[in-house]
Amino acid sequence: MKLKISFLFIILSQFFISQQGKIINNQSTAFEISDKNDSIEFIVYDTQLEQKKPVFLWCQGSLPYPIYVNSKEEGLWIIGGGITNFDVKNIVKNYHLVIISMPKTPLIADEKDINESYWYYGNSKNKNKNQPTLEFQKADYLENYVNRAQKVLKFLNKQKWVDRSKLIVAGSSQGSKVATKIAIANKNVSKLGLFSANPFGRIDQNIREYRKEAEQKEISWEEADKRIEEEYQIFRDAYNPKKLAEKPELLAWRSFSVPLLDDWLQFKKPIYLAYGTHDIASDLNDLVPLYFIRENNNNLTLKRYLNLEHNFFEVENGKVNHEKPHWEEVMNDFVEWTLK
């Protein structure tokens with residue numbers, strides 16, 4: 001009997017700790033939601049969860065980036081799904097900024113387990129630093145991200161420090177796909193923010209890029225033709241169960257290549273679509289207003305940033321200038337829009 005009581009106490013204690021949260025680096029509060037299938041970690045970018053504010057859920061882009069990195073020389077530092085590029089203080093004045101950890105990726109990763117691009121390779125095969133873990137590859141599909149987010153939002157909806165009258169969901173690149181599907185699945189989402197999004201999926205941008213390279217005579221049309229056919233084959237393999245079992249990385253290509261335009265048209269609440277004109281992934285966004293006009297939908301705000309690329313850096317003479325970032329400006333524009 002004592003053993004049973006002790007075991008129950010341990011379970012309740014763990015649940016209590018996860019409900020209360022844990023302060024990380026004197027910056028954020030980390031939470032964990034566990035069930036038999038998964039453990040979902042996320043942060044709220046605040047250490048004093050007392051003021052009642054709406055949630056601003058930021059959906060990360062692709063690859064298994066941890067939220068924090070533990071470095072021997074620098075100590076603990078944050079990646080946070082790219083929020084370090086934002087004016088975070090401007091966001092948290094009005095919202096609880098929430099970032100969910102990538103699936104099968106630690107919220108805090110040790111420096112020895114991340115590669116030069118800062119994403120987690122952990123126990124990948126042969127310790128290949130350019131290959132995500134097998135566990136991540138199997139969990140890296142759109143429906144999983146949405147289901148995990150739904151659980152987090154359900155948890156947050158029960159917290160006394162959350163204002164449930166408003167819910168902002170936004171994401172960039174792959175995160176825009178996750179944000180879209182969350183908005184469709186969760187009736188509480190009041191405004192949707194999409195950055196560097198591709199309305200027609202993912203794999204199509206590779207095909208368009210090969211065409212552009214051929215048009216600009218960077219490669220021959222024969223080479224473009226060959227590469228485009230290879231893209232078709234990759235997509236066929238992604239829908240082949242046998243190939244998918246052999247190459248689980250194809251799962252993401254199948255999942256994230258689903259077009260989003262119909263979902264955007266279905267979502268009747270305000271949508272904010274922002275992209276750089278030098279972004280091959282997003283250049284088809286120029287066509288999106290035509291579909292909204294045809295459906296007589298007036299809920300789209302389109303923001304085109306001139307001469308910026310996928311991550312909102314300036315492009316000069318065809319080259320990205322990483323000394324001239326604009327994410328802060330881009331995000332502040334969106335935050336201002338959400339408050340209208």
task = Could you look through the range 285-299, keep only residues that are within 11 Å of Leu261 (Cα to Cα) and surrounded by 13 or more Cβ atoms within 10 Å (Cβ to Cβ), and pick out the one that is nearest to the chain's Cα centre (by Cα)?
result = Asn285
request  = Of all residues in the range 38-94, count the ones that are in a helix (DSSP H, G or I) and more than 15 Å from Gly193 (Cβ to Cβ).
outcome  = 5
request  = May I ask you to list pairs of residues, at least six apart or on different chains, whose Cβ atoms are under 9 Å apart, with the first in the range 273-285 being in a helix (DSSP H, G or I) and the second being charged (D, E, K, R) and crowded, with 19+ Cβ neighbours inside 10 Å?
outcome  = Asn285/Asp279
query = With (1) more than 21 Å from Val55 (Cβ to Cβ); (2) among the polar types (S, T, N, Q); (3) touching a residue at least 12 places away in the same chain (Cβ under 8 Å); (4) not in a loop (DSSP other than H, G, I, E, B) as the list, and Asn130 as the residue in question, which single condition is left unmet?
reply = (4)
request  = Count, please, the residues in the range 17-58 that happen to be closer than 20 Å to Tyr95 by Cβ, charged (D, E, K, R) and either surrounded by fewer than 17 Cβ atoms within 10 Å (Cβ to Cβ) or free of Cβ contacts under 8 Å to residues at least 24 places away in the same chain (or both).
outcome  = 2
query = So which of Thr338, Thr277 ends up being among the β-branched types (Val, Ile, Thr) and open to solvent by 30 Å² or more (accessible area, probe 1.4 Å)?
reply = Thr277
message = For the range 48-55, check the following and say yes or no: at least one residue is farther than 18 Å from Val169 by Cα, at pLDDT 95 or above, out of contact with any Ser or Thr (no Cβ under 8 Å at 6 or more places or on another chain) and aliphatic (A, V, I, L, M).
response = no
Those residues of the range 210-236 which are open to solvent by 50 Å² or more (accessible area, probe 1.4 Å), in a helix (DSSP H, G or I) and more than 24 Å from Ala252 (Cβ to Cβ), in sequence order = Glu215, Trp221, Glu222, Glu223, Asp225
message = I'd like the full set of residues that are acidic (Asp, Glu), modelled with pLDDT under 95 and over 19 Å from the mean Cα position of the chain (by Cα), limited to the range 27-47.
response = Asp35
key: Residue satisfying condition, being without any contact (Cβ under 8 Å) to a residue 40 or more places away in the chain, of a type outside the set (Val, Ile, Thr) and in a helix (DSSP H, G or I), within set Ala252, Ala245   = Ala245
task = Report yes if some residue within the range 186-209 is open to solvent by 60 Å² or more (accessible area, probe 1.4 Å) and closer than 27 Å to Ser39 by Cα; otherwise report no.
result = yes
key: Number of the condition not met by Gly171 [criteria: (1) of a type in the set (Gly, Ala, Ser); (2) out of contact with any Pro (no Cβ under 8 Å at 6 or more places or on another chain); (3) within 17 Å of Arg254 (Cα to Cα)]   = (3)
ask   = Does the range 110-125 contain at least one residue that is over 19 Å from Phe31 (Cβ atoms), of a type in the set (A, V, I, L, M) and part of a strand (DSSP E or B)?
value = yes
request  = Pull up the range 60-70, narrow it to residues that are in contact with a strand residue (DSSP E or B) (Cβ under 8 Å, 6 or more places away or on another chain) and open to solvent by 10 Å² or more (accessible area, probe 1.4 Å), then point me to the one that is nearest to Ser117 (Cα to Cα).
outcome  = Tyr65
inquiry  = Is it the case, given these coordinates, that Ile83 is in contact with a Ser or Thr (Cβ under 9 Å, 6 or more places away or on another chain), open to solvent by less than 50 Å² (accessible area, probe 1.4 Å), within 26 Å of Glu323 (Cα to Cα) and of a type in the set (A, V, I, L, M)?
reply    = no
key: All positions within the range 303-335 that are among the hydrophobic types (A, V, I, L, M, F, W, C) and open to solvent by less than 50 Å² (accessible area, probe 1.4 Å)   = Leu308, Phe312, Phe313, Val315, Trp327, Val330, Met331, Phe334, Val335
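The values are calculated or read from the model by the stated rules, or taken from the named source; none is laboratory data. It should be emphasised that the depicted structure is a prediction, and the values quoted were computed from it without experimental measurement. All Cβ positions, glycine included, derive from the backbone under ideal geometry; neighbour counts span all protein chains shown. Keep in mind that these areas ignore ligands, DNA and RNA; they rest on the heavy atoms of the full protein, side chains included. Shrake-Rupley method; radii C 1.70, N 1.55, O 1.52, S 1.80 Å.
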